[in-house]
């Protein structure tokens, strides 16, 4: 027992020094947080996203009508009782918009997280394992990457018929990981030769451990940026599929609202809000993801930061030094 | 040369993957859409149509899966995509041929325009770092790239088509016009293309500007650009011949790859504007459950994207000596 632990101390020593990563990560997070707070784009994006998350969690607080009840006169204009009017079936549009947030966010976070995770595993494994595995995984990624995504989504959805949230997430995940995988692979390739990985290999860690604990944490800002892009495209793709009637036509979702607006010929008949409200909601949520992603790109690559913001950032860093 | 050959191999591999996907997708689906579909069409359609369905789904033929697969591959290689169920008895190839030129014209020209304009704005924004353009364009374009294509199209229909009545918003040409090479017909086609093209342009231009600006920012920091400046070369020469020429290389492949995405986005633009292209036809095929036509269109779009990527690879090999030397 004692010999074991005594023998254990020696291999532990390099772990401490190679552990340049663990103390590194919290500092990285702190810097990331400060940079985020400094970016006006990130602030705007975060506020928008937070508002939508609150809508999705507590829709009843904001909308007092049921989103599905066909309780009112059809095609009413906007009024105090119905902020955005009613649909061709007599449902309250405001309530639909608020309640619809939930499904869109479920798809965005579900498919966005899942595809980013798959991409991270495949991309980093390819870069780290190298040789045959790199060749095979890379080829697979490239093939999936160039098969046109949206037509493929349409074909799959056509066979599935009226896909609900779960199927939608599965299909979007299955088709949407390749671009991120390629990006993460090249990042992982650049990390591969670093000393702390050599140290981990020398002390005999398994490849799966090195990938999950040593490599992935160095790519956090890239992973977050990738998730945000994936979430953005998942919102757009899911809404598009629902719009052309390949979603569940009875679901409460923004794309489905647009589908009914189109069926109802809302534009031609003058009931504009039926088409404007859900589309604007998609655009706002998309903008939230896009703004956050752009801000994260600037954090990952400081050269891209706006010139003025960088100056402000510099001043803030200097102040404690003078004090 | 070796680089191009390798890319050609990749082209064939991906094509095979797409064909295989087409074959296995309907067979993999839960609840077996093949059986359901066959049951639905049996009795309603002629024997030949039923045969078309059999080749696609393999249901009822009693053939084993591998031998079905070999048959299917053989059919595709000889250009036999079966018969369209909706436009029966026209072969799928003929049906598709009528739609493809509309899409090539609308989407092709718009994509090139978006690439050229977007890249130009990106170059200027990076060159005048911190200037007015650099302050306004990136954040604005971040937001426009997040708006759904089809919704922009709907808003254009509402504003310019229905309210202001400036431009037609449905179809590829006026029904009263007969297709011919006359000035009035060509003008009519052009008029009908303006709104869908603008909607596409607005939503796609942002990506080009942003990626080009970011590439350009990195390139401008390189030593050879500083060297060019130190030599006292004219600013626009440094900007275009030194910085932009290198910054554009990663975007060439991206440009080709995005064609897939643009064709995808254009599907909805064509749908919203009733534009008689490939995308509109694809959605009609889905709606009519015309599976032979749907499969052929999916393959056609894939091939179009692959050809574009191959061309971009060849272009990159010509413009970027590094790809040639590194095998």
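The label-point distance for residue B:167 and residue A:43, in a model that sets each label 7 Å from Cα toward Cβ, rounds to 3.8 nm.
Percent of C-alpha pairs per 10 Å bin in region A:108-242, short distances first: 12, 39, 29, 14, 4, 0.
The Cα-based radius of gyration of region B:144-233, divided by its Kirkwood radius, gives an Rg/Rh of 1.28. Spin-label pair residue B:4-residue B:230: with each label point 7 Å from Cα along the Cα-Cβ axis, the two points sit 3.8 nm from one another.
Tell me, what is the percent relative contact order of region B:92-324, built from C-alpha pairs under 8 Å that lie six or more residues apart? Intermediate results must be reported in sequence, preceding the final value.
Values: 260 pairs, mean separation 66.8, N = 233.
With pairs under 8 Å counted, the relative contact order is 29 percent.
Per residue of peptide B:133-141, the mean number of Cβ atoms on other chains within 10 Å of the residue Cβ is 2.
Between residue B:17 and residue A:250, the distance separating the two model label sites (each 7 Å from Cα on the Cα→Cβ line) works out to 3.8 nm.
Diffusion coefficient of region B:92-324 by Stokes-Einstein, Kirkwood radius over Cα pairs, 25 °C, 0.890 mPa s: 126 µm²/s.
All of the numbers you see were taken from the coordinates with simple rules; none came from a lab. Just so we're clear, the structure is a prediction, and the values are computed from it rather than from any experiment. Glycine also receives a Cβ, built like all others from the backbone with ideal geometry; neighbour counts cover every protein chain displayed.
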